[in-house]
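First up is the structure itself, then whatever we jot down about it.
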Amino acid sequence: MPKQRMATHMIKDVIRLKWDGKLSHEQIATALGISKGAVSKYVGLASAAGLDWETVRGWDEKRLASQLLPRSAALTPYVEPDWGRIHLELARKGVTLILLWEEYAASYPDQRTWRYTQFCEHYKSYAKRLKRSMRQLRRAGEKLFIDYAGSTVPISDGTRAHVFVSAMGASSYTFACATPAERLNDWVESIVRSLIFYGGVPQLIVPDQPRALISKPDRYEPGTHRTLLDLARHYDTSVLAARPGTPQDKASVESAVQVVTRWILARLRHERFDSVAQVDRAIASLLPSLNDRPFQKLPGSRASVFAELDRPALGPLPANRYELARFKTVKVHIDYHVEVDGHRYSVPHALVGQSLEARITGRAVELLLRGNRVACHARNDRRGGYTTVEEHMPAAHRAHKEWTPQRLIDWGRRIGVATGEVVTRLLKERKHPEHGYRSCLGLLALAKRYGNARLEAASERALVLGAYQYRHVREVLVNNRDRLKPDGTPNDWTSPAHANLRGPGYYQ
């Protein structure tokens, strides 16, 4: 702590009690609550200057200080640093208080400057007068804080637009946009838009712990949603969720939400909106006035400080915009295909039986094994279809040495002639025999549930109707009726040839 000089009115009290009150040094020290050494010091200074109580009784503090104290201390004031500029400079990476003090002292070589300890104490006193969100030291380009405002904007159809808000840590430069809800896709799209707005990528993205983004909320080790981690990897950044119930962890965006509510949403309260897009455009038109508004206790504005501090420290944006992706665990079947949303995509045949992770976007399906991509296909929404890459197929079109088309045909023939014929046709109608493997296995598995006789009868009926797909045969067995007749009436199953199909729930 810097050594504090006694206030001038206390010095006058020492002189009064000594010369007018005729008290001892010890009595004066006790009366004023100061040390005997301080009393001796100022009594000595007064004696040396030839001063007594009658002389200084009517003097003001300035005159007494000029006569009693050393001239350098009385007349030469300390040079006051620009504390606002120093507070902003501390946000730069690598800048410390001791460096700023050295620069301050070097800037005024012929004037009286604070020593380092005094400099730090005065800065701390200044920082305490700032708003809590302002005095937190945020490194330039380090953190982007994100959240949704509590206030929403009504739409004419009865729905409400939700308002996403983000703020840079050092400058509080604010972005806001409107979304239909606060689902995962709304969060992701808003984060992508905010990064484009800032023109760069921070080191950390700091959200709260909403269930849309955090799969397992926890104070110490929250589980981040796989899609959010994928976004962070795409932009070469990281996600650091704030502790639940701890708003000070993201004070910058808490303040930004308050500012957006007061300076943007309050101005829109009388306007009528027919869509979320209209709300979004209205917010975008008011953002510049918010960011250009000067700070009250710091030099500059959000926009100017962002251009000076945050913008140069941000990482570059990738060439391609992030596309929303979802993830699903899939298993490679014996036909070396995996199923995603009813469509089947091929992978290298050596992966048969393994579990892969499918990364699914609007345009592509990527298949990953322990984080490494093993296959990539254009997205296809045709259910029951196949997308096959020739390089994924084994020699002679065999997905596995233990499974061949002939083995499946022989298996079917052991059940019956009709079942063997259905299996044969399932394999022949496909572009590659392996594409029919899964249907054949499903067909043959019906024998375990319904018995060989009923499966053979159903297969015979399917061949007569020309509808021998797995789903057709299974429907006959499950419902005991044929719904494939063109006029919609049930087929006649009363003939002796099909007596084995009758069972509980048989359709009359």
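The values are calculated or read from the model by the stated rules, or taken from the named source; none is laboratory data. Fair warning: this is a prediction, and the values are worked out from it, not measured in the lab. Neighbour counts run over all protein chains shown; Cβ positions are idealised from the backbone, glycine included. For accessibility, only protein heavy atoms count, side chains too; no ligands or nucleic acids. Shrake-Rupley method; radii C 1.70, N 1.55, O 1.52, S 1.80 Å.
Only residues that are among the polar types (S, T, N, Q) and under 16 Å from Ala167 (Cα atoms) were counted across region 270-289, and they come to 1. Tally the residues that are more than 13 Å from Val165 (Cα to Cα) and not in a helix (DSSP H, G or I), restricting the search to region 183-205. Looking only at that region, the number is 7. If you check Leu137, Leu213 for being modelled with pLDDT under 95, out of contact with any helix residue (DSSP H, G or I) (no Cβ under 7 Å at 6 or more places or on another chain), within 22 Å of Ser255 (Cα to Cα) and not β-branched (Val, Ile, Thr), only one passes: Leu137. Based on this model, can you work out whether Arg344 counts as at negative phi, open to solvent by less than 50 Å² (accessible area, probe 1.4 Å) and over 23 Å from the mean Cα position of the chain (by Cα)? In short, yes. Of all residues in region 261-292, those satisfying the criterion of being of a type in the set (S, T, N, Q) and either open to solvent by less than 30 Å² (accessible area, probe 1.4 Å) or touching a residue at least 40 places away in the same chain (Cβ under 8 Å) (or both) are Thr261, Ser275, Asn291. Out of curiosity, is Arg57 under 30 Å from Tyr173 (Cα atoms), modelled with pLDDT under 80 and open to solvent by 60 Å² or more (accessible area, probe 1.4 Å)? No, not satisfied. Counting only residues that are open to solvent by less than 60 Å² (accessible area, probe 1.4 Å) and part of a strand (DSSP E or B), region 294-340 holds 7 of them. Condition check: open to solvent by 60 Å² or more (accessible area, probe 1.4 Å) and modelled with pLDDT of 80 or more. Does Lys62 satisfy that? No, not satisfied. Please find, within region 83-112, the residue that is modelled with the lowest pLDDT out of those that are closer than 14 Å to Pro299 by Cβ and open to solvent by less than 60 Å² (accessible area, probe 1.4 Å). The qualifying residue modelled with the lowest pLDDT is Ala91.
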